Structures are given as C-alpha cells and as structure tokens.
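Any read-out appearing in this document is the output of simple, stated calculations on the displayed coordinates, not a laboratory observation. This one's a predicted model, so the numbers in the text were calculated from it and none came from an experiment. Note that each Cβ is placed from the backbone with ideal geometry, even for glycine, and that neighbours are counted across all protein chains shown.
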Amino acid sequence: MATNSADIAKEVAIQGESDNRIDGAKEEIKRPQFGSRYLKDPSKVFEHNAWDNVQWDEEQEEVARKKVAENSELFIQEEQREKYESDADQYWNDFYTQHQNRFFKDRHWLFTEFPELAPEPNTVNSNDTEAGLSSVKDTHQRANAIAEVNLKEGKIKEDFPGSSASTRILEVGCGVGNTVFPILQTNNDPGLFVYCCDFSSTAIDLVKSHADYSTQRCHAFVCDIVDDAAVLPFPENSLDIIVLIFVLSAVHPDKMQSAIDRLCRHLKPGGLLLFRDYGRYDMAQLRFKKGRCLSDNFYVRGDGTRVYFFTQDELGTMFTSAGLVEEQNSIDRRLQVNRGRQLTMYRVWIQCKFRKPIKS
C-alpha cells in the first residue's frame, strides 16, 4: 500500500513524541538531548519508548540499501512528476484541510535541541508598571500587551512587520504552528518578532485563527520559497534565526540550493540557521513501495505530498555553498519503540546548525 495521509500523520506524531512525557495531570519532565540514552542490553529494548544513536551493523545497512534500490527501480512518469510539482500547493492545502491540527503534537524536543529559540532569563522587567501591565500575569499576554502599547504610543515605528524588533526569527514551512506558538508562548521578550510562512494557504489560515496569534509579535504569510519572485516581508540581512524543520525535504531537489541561497541572504551576519529533517534510510523511506519514486531518494506519498531523504554530506555542501559555516551536522539514528505492540521502528533524522559569518 502506498504511503498516504494517515502515514504522514503518524510520521509527524513520531517526530514530536517524547519518552519523558508523563500522561494526565502529572508534570512533564524535560526531555534529554538526543544522544543521551543508549541501548546497551538488547533484552531491555522495551523498557523505554526510544533509544538514541542506535548503531546499525553492516547487515542492517545492506538491507536498507537493497530496500531503497528496490523501491527506486521504477520512477513515476515525467508527466505525472510535473503535475506533482505544479500542483504541490494544492496537495498541501488538501492535506491541511483534511487533517487541520488534529494529530499534531507539541515538539517536546524543540528547546532541548535548539536552545537558541528558548527565552533569555529575565527578558521582561517585572517592575515595569509604566504601561499598567503589572496585572497581566501570563508572560505571553504580557509580551503582546507591551508590544501593542509601545506601538500605539509611538515608541516604535513599523517600516515593515517586526522592523522595531530586537530579535527576528523566521520559520519556513510552519504548518499549523508547532514551532511558532511554543516560541511565542514561552519567550516573553517584548523585542521578539516571529515570522512564519508556508506553501499552503490553508495552513496559514489555521495559524492566523489560533488564539495565540498576534500581529504585534508574529507575521504569518503564504510563500513558495523556491519562487524567486515571491516577495518577503523583511529585507536582506535582517533575521537572527531561520528555522527549517521537516520542510526542505518537501522541496524538489533541483530547487533546494537556490531556495537556501535566498533564505541565507536574509540572515544577519552572525545569524543562525537551525535545521532538522529526514535522513537517508529512515523508516519512512524504507516503507515506500515501487511506483512512488520521483527521483533518487525523492518520493510522493499517496496524498500527493513529497519527501526527500538527506545525507549529512549533501546538507553540508548546500549550506556551506550558501556561505554559511557549520556548527553542527549530526545524525540522530533513533530506535522508537511501541511497547504495547512490541514493535521497533528505526528513525533516521539529521540535525544541523549553520551560522552566517561576520565579515570584518
């Protein structure tokens, strides 16, 4: 059976799962950074929901290579490939229309793996009562209120959305806000402004309808990052952080480099690009059947959405070609466990951090 919408829903759910999450009313324990839980005794595999950096032996590698070779024997016809490219936005609109945000889970690993997105301590002065905001206890509401009051009182001038912000973050491929809203809800810095864009207009509509969406701290917009003519709402060299989480894999491989080049031109000198996506031989790649392959390591799911599976070398080449300097390029080879059904699932993700150099 071809991979379908239900399958991608399961993929997203697996990405967001945390083996340290406690159900019910119990407090959530902070998830340790990947690479900290090792399976030393195979007989204990079902004692936890996940194991980090599980080493593959040569036999498992060979099985994976053969499976990929098998599901890549037959490429989809060129006419159909062109349709998946030209109608890509519609396939994603249909996807979000069908699922909306029902299956999405919080990314419990977000601030653990990318602490750069976490708030700095004491970013809001608790003694500040000038604007009459001391009664606003919720930090997210307080930050929104400070930004709104400053704008109304003329303390800031908006030349473009977020022009007065001291820190600007862009998430590309934001979906329904799995990354954007945790940042806004957690980071109470009134100088923070978050941009988020997606190929799907349906996804952006869902973001804007969220109770925590505020134009004082966030600007959501539809954008095809491979379209050089697409207008971005901020100038070049203006962003502190760009976030690419499970989004570049949906772009045609021939268009990835130009999209990265353009995005990186909008990073400030010293700015950071944060990346996490599918790695080669991930379970999702091995599950594809013959007839779903568009090109090498690039597939179409049953619902028309597409996915590519990367190597570390590919990513290193693309980001350094865009002028960035590597700070992290790690493979997260994880063993996910379904203890109830006694099943094991081998996931392969790649996590990167690249920085734009400061020119002297």
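Paramagnetic label reach from Glu73 (point 7 Å along Cα→Cβ; backbone nitrogen cut-off under 19 Å): within region 258-300, residues 285-300. Separation of region 173-215 from region 233-307 is 19 Å, based on Cα centroids.
Only counting other Cβ atoms within 10 Å, I'd like Trp349, Trp92 sorted with the fewest neighbours first. Each step should come with its number before you reach the end.
Working: Trp349 18, Trp92 23.
If I rank by nearby Cβ atoms, fewest first, I get Trp349, Trp92.
Kindly flag which residue pairs out of Lys268/Lys359; Lys268/Lys353; Lys255/Lys289; Lys67/Lys289 have an alpha-carbon separation exceeding 20 Å in this structure. Over 20 Å apart, Cα to Cα: Lys255/Lys289.
Annotation: amide H-H contacts under 5 Å for Phe246 (H modelled 1.01 Å from N, sequence separation of 5 or more, or interchain): Arg276, Asp277.
Model label points for Asp261 and Ser201, set 7 angstrom from Cα along the Cα-to-Cβ axis, are 3.0 nm apart. Using the Cβ-Cβ distance between Thr97 and Ser295 with R0 set to 25 Å, the FRET efficiency works out to roughly 0.35.
The simple spin-label model puts a point 7 Å past each Cα toward its Cβ; for Val222 and Phe160 those points are separated by 2.1 nm. The calculated FRET efficiency for the pair Ser86 and Thr215, based on their C-beta separation and a Förster distance of 41 Å, comes to about 0.80. Here the dipole of region 212-334 is about 560 debye; that uses its Cα centre as origin and unit charges on the Cβ of Lys and Arg (positive) and Asp and Glu (negative).
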